[in-house]
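Written out below as structure tokens is the structure these notes cover.
Only the coordinates and a few stated rules stand behind these numbers; no lab work does. Keep in mind the model is a prediction, meaning the values are calculated, not measured. Neighbour counts run over all protein chains shown; Cβ positions are idealised from the backbone, glycine included.
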Amino acid sequence: MSWTVWLSPPEMSSVEREMLLAAFDSGWVAPAGPDLDAFERELCAFTGAAAVVGLSSGTAALHMALMAVGVGEGDEVLMSDLTFAASAFAATYLGARPVFVDSEPQSWQLDPELVEAELAARAARGTLPAAVVAVDLYGSVCDGTSIATSCARYGVPLVEDAAEALGAGRDGIMAGRFGRVGVLSFNGNKIVTTGGGGALVADDVELVDRVRHLSTQARRPVPWYEHGEVGYNYRLGNLNAAVGRGQLATLPARMQQRAAVRAAYERGLADVPGVQFQVVPTGCRPNHWLTTIELHPRTFGANSVEVLAALRAAGIEARHGFQPMHLQPVFAGSAPVTAGGTSVAARHFQRSVSLPSSGLLSGDDVCWIIDTVLSARH
Ligand SMILES: Cc1ncc(COP(=O)(O)O)c(C=O)c1O
């Protein structure tokens with residue numbers, strides 16, 4: 001289906017085009033090359049991490065991250081219930097079982113108090129998880145400071161899934177930098193895209209070098225094909241990296257544009273009864289990847305399904321917020337850790353709508369989208 005307005009289309013300028021053509025003309029059409037090396041260096045400088053390895057997807061980066069922190073067969077991994085499935089799939093690739101933890105009611109991010117309580121209870125039982133995966137949702141950032149403190153208290157490694165949050169920050173720390181390892185995605189719908197790709201960031205240079213080795217088919221540096229262990233073909237291509245370099249250079253400007261789009265939505269919708277925007281916690285600077293609202297059906301006068309139908313009929317691409325992992329058929333039977341038995345994530349799924357969030361939307365586009373949302377009321 002082709003939409004008049006897309007949810008989060010790639011935003012390319014002449015910068016990305018020129019860098020891609022220069023890489024093409026250089027002959028480095030391979031999963032290695034100078035643009036990949038430069039992109040990794042630029043990501044280090046941008047995030048402040050000591051080391052970065054460019055990978056073929058955020059999912060591959062999550063797989064490598066969990067493997068690198070020691071997750072294996074039969075382990076449990078505590079993670080955000082409200083996320084994209086890749087966060088949980090990565091644990092299952094390693095034979096581990098994801099244990100889903102609920103969100104805070106306003107920011108919808110992983111609830112740090114639930115993480116602390118669950119780790120404390122498990123420490124008392126002697127069943128600590130092998131890792132915690134904290135997801136940064138919709139371009140905002142989870143309370144990584146509190147979650148990292150809890151993880152450190154119990155000696156559990158923290159992986160931050162910042163796939164959606166490159167450029168965002170909280171408490172003066174960049175998204176992806178709270179845990180032992182951070183994961184980024186450059187999927188086509190992300191704020192920085194390489195047409196598909198991801199990265200793993202960390203201060204532990206040895207860990208990143210090990211992931212670089214494993215993700216390059218674990219090939220030993222000898223002049224013939226030699227492998228001492230099972231490897232993966234997970235590296236980012238040089239042409240993709242060239243596009244990523246151009247995207248990274250323009251990220252600050254595009255974050256400002258997306259912030260302006262969210263502000264325009266707020267001007268039109270924040271005072272409408274029954275509309276709740278994702279709350280930005282104090283000290284958090286989102287990249288505004290996806291502006292997402294929750295609708296209280298009775299107060300607003302329409303539910304999320306009706307609003308999405310009105311948007312679809314107008315040719316506007318919008319989405320439900322994430323379906324929590326504990327409600328996914330593939331993870332059927334996994335009871336989430338919640339406060340008092342009510343799932344914030346399940347409520348979010350029922351009520352949420354992610355609105356078109358491209359920084360290239362005009363004021364008129366946003367007004368039209370707002371009018372269409374309001375037209376669904378009965
Ligand atoms: C939270 C989250 N984690 C992981 C991923 C997976 O990244 P990729 O699509 O690059 O594999 C995504 C999105 O695609 C995501 O939103």
Computed over the range 199-343, Cα set: Rg, Dmax in Å = 22.5, 69
Scanning the chain for GluC sites (Glu not before Pro) in DSSP loops with at most 12 other Cβ atoms within 10 Å, what's the longest stretch left with none?
-> 74-225
So what J values fall out for the range 119-127 if you push phi through Karplus, 6.51 cos²θ - 1.76 cosθ + 1.60 with θ = phi - 60°, rounded to Hz, Gly and Pro as x?
-> 5, 4, 5, 6, 4, 5, 8, x, 10
Cα-only Rg/Rh for the range 279-343 with Kirkwood Rh rounds to 1.03
Residue by residue, what Karplus-based ³J(HN,Hα) values in Hz, rounded to whole numbers, does the range 273-281 have, using 6.51, -1.76 and 1.60 with θ = phi - 60° and x for Gly and Pro?
-> x, x, 10, 10, 7, 4, 6, 8, x
Quick one: grab Rg to one decimal and Dmax as a whole number for the chain, Cα atoms only, in Å.
-> 20.8, 71
Percent of beta bridges antiparallel (DSSP, the chain, rounded to nearest 5) = 60 percent
Rounded to whole Hz, the Karplus (6.51, -1.76, 1.60) HN-Hα couplings of the range 129-142, x for glycine and proline | x, 7, 6, 10, 10, 9, 9, 8, 9, 6, x, 9, 10, 5
Which one of Val305, Val201, Val53 has the biggest mean-square fluctuation once the chain is modelled by GNM with Cα springs under 10 Å?
-> Val305
Quote the Stokes-Einstein diffusion coefficient, in whole µm² s⁻¹, for the range 1-152, based on the Kirkwood radius over alpha carbon pairs, a temperature of 4 °C and a viscosity of 1.567 mPa s.
-> 71 µm²/s
Unit charges at the beta carbon, dipole of the range 162-294: most positive-side option, Leu239, Val192, Gly176 | Leu239
Long-range amide H partners of Thr291, meaning residues 5 or more apart or on another chain whose placed amide H is closer than 5 Å, are Leu355
With at most 11 other Cβ atoms within 10 Å, longest stretch of the chain clear of loop chymotrypsin sites (Phe, Trp or Tyr not before Pro) (DSSP) = 1-223
Cα-projected label distance for Trp368 with Val305, points at 7 Å along beta-carbon direction, nm | 2.8 nm
Summing -39500 (n - 2.57) over every DSSP H run of at least 4 residues in the chain and dividing by its residue count gives a helix-only mean residue ellipticity at 222 nm, to the nearest 500 deg cm²/dmol, of -12000 deg cm²/dmol
